[in-house]
Structures are given as C-alpha cells and as structure tokens.
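One structure, as structure tokens, below. Some questions next.
Taken together, the values in this text are just the output of simple stated rules run on the coordinates, not laboratory data. This one's a predicted model, so the numbers in the text were calculated from it and none came from an experiment. Neighbour counts are summed over all protein chains in view; Cβ atoms, including those assigned to glycine, are modelled from backbone coordinates with ideal geometry.
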Amino acid sequence: MTLPKSRIEELLAPYLSPIPAALLPQLSLYLDLLVKWNSRTNLTAIRSPEEMVQRHFGESLFAAQNLGSLLPETLLDLGSGAGFPGLPIALLYPQIKVTLAESQNKKATFLREVVRTLEIGNVTIWAGRAETMPEDCRFHTVTLRAVDDMAAALKAAGPRALQQIVLLTTGTPDLPDGFLAEESLPIPGSHTGALLRAVRG
C-alpha cells in the first residue's frame, strides 16, 4: 500500500468530505497502480504519492462535485491521460457512463489496467483522439484537465458536448462557439487553478 487509507482520506478532505467508505479502497488501489506504472513509464510529472492524491484525485473529485445540479448520464473525459478527472468521477458516480479519450498508447494501456483491476463497469476507453470518434458520439458533459493544447482540445470538445464543458484550468480560455461560462470556482489548495463550467447557450 502506497499510503494508508486514513492518510488518503485526510488529504482529500478539502476536496470531498466525507469520502464514501467504498471509494477509499478503490482510490488506494488506483494510487498503487499509478505509482507503480509511473516509475517505469511517464504518466505524470508528479512523483510524490501525497501530491498525486491532492492534485490528481482531489481535483478530480472536486470536479465530480461540481458537474451541475443534475448528474449527467454520459461524460467524455477528453485527453484523459492517467484518468483524471474521468476515472475518479466514474468511481464516485457509477451511474454515469464515462468515456476516457486518450491518444497516447501507453496511457490508454494504463487506463485499461485500472479499469480491469478495479472492475469499473461504467467506463469505456477510446484509444485515440476525440476528433476521430464517429460524428454521432456525443455526451452530456465533456471534461478537460491539464491537456497539452487547451485551445485545440476545446475546439474538439465543442461538437461532442450536448450540454456542458467542465474545465480544470489555470487560465481563461476561449470557449467554443455556443458555450457560455456559468460557474467558476477556485480549486482548493491552488493559487491559480479554477473549475470553469460552461453550458451550451
């Protein structure tokens, strides 16, 4: 075990409290996999397990709490990387059908391993760019976090999002045509990060 479950719960308290009892063992196992894989393939630049819990798991669960007044039925995590924020959202809300779009093969392979090991039944992985999805693949919500090119990612997100786009960002990006910023919340523990929720106008 990389960190005791009690320590994970303590680190996550600013982002989600209380933590559902069933969620802690899943997050603990996810963290173990992330640390193990990250030691041999670069999934994230963050090396400290405690910082991984705060930055990756915490911020993702903060996003999960702020998906709007009604939970989406479908969600696309665009440029999912090592699964953030999509996988923690899927773990917290098993009723949401989550698709993780990740074009880098090593990261998509890691995502498959997490889904298999944790037996997550509400997640699908698209091992490719979101732009290559069939045109009729659309989702209530699209999430974005720490993508390499936010402008390009937002351009890809617009046609996929039926209702809203949820961003974890440090800037003020230009939203796709037809979307209006509805809510902006500071991310706990971050001096510059914010959660921006934009809805289709």
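Show me, for segment 176-192, the HN-Hα J-couplings you get by feeding each phi into the Karplus relation (A = 6.51, B = -1.76, C = 1.60, θ = phi - 60°), rounded to Hz, glycine and proline as x.
Using θ = phi - 60°, the values come out as x, 3, x, 10, 10, 5, 10, 8, 9, 10, x, 7, x, x, 10, 7, 10 Hz.
Using amide H atoms built 1.01 Å from N in the peptide plane, name the residues 5+ places from I125, or on other chains, whose amide H lies under 5 Å from its own.
Excluding prolines and chain starts, which carry no amide H, the hits are L100.
Return the single residue from A157, A22, A63 with maximal mean-square fluctuation; model: Gaussian network over the chain, springs between Cα atoms under 10 Å.
A22
Between A21, A82, A101, where does the largest GNM mean-square fluctuation fall for the chain, given springs only between Cα atoms within less than 10 Å?
For the chain, modelled as a Gaussian network with Cα springs under 10 Å, the answer is A21.
For the chain, what does the helix formula give at 222 nm: sum of -39500 (n - 2.57) over DSSP H segments with n ≥ 4, over the residue count, nearest 500 deg cm²/dmol?
-9500 deg cm²/dmol
Hand me the tally of lysine pairs in the chain: alpha carbons under 24 angstrom apart, and the pair either on different chains or 8 or more positions apart.
7
Let me ask something else about it. Please figure out what share of the DSSP beta bridges in the chain is antiparallel and state it in percent, rounded to the nearest 5.
40
Further, regarding this structure: For the ranges 119-130, 26-37, what's the packing order if you count other beta-carbon atoms within 10 Å of each residue, average per peptide, and put the highest first?
On the way: 119-130: 16.2, 26-37: 18.9.
Averaged packing, sorted descending, gives the order 26-37, 119-130.
Same structure, new question: If you add up the charges near E73, with Lys and Arg at +1 and Asp and Glu at -1, over every other residue whose beta carbon is less than 13 angstrom from its beta carbon, what do you get? It would help to have the intermediate numbers written out before the result.
Values: positive: K97, R138; negative: none.
Counting the neighbours of E73, the net charge comes to +2.
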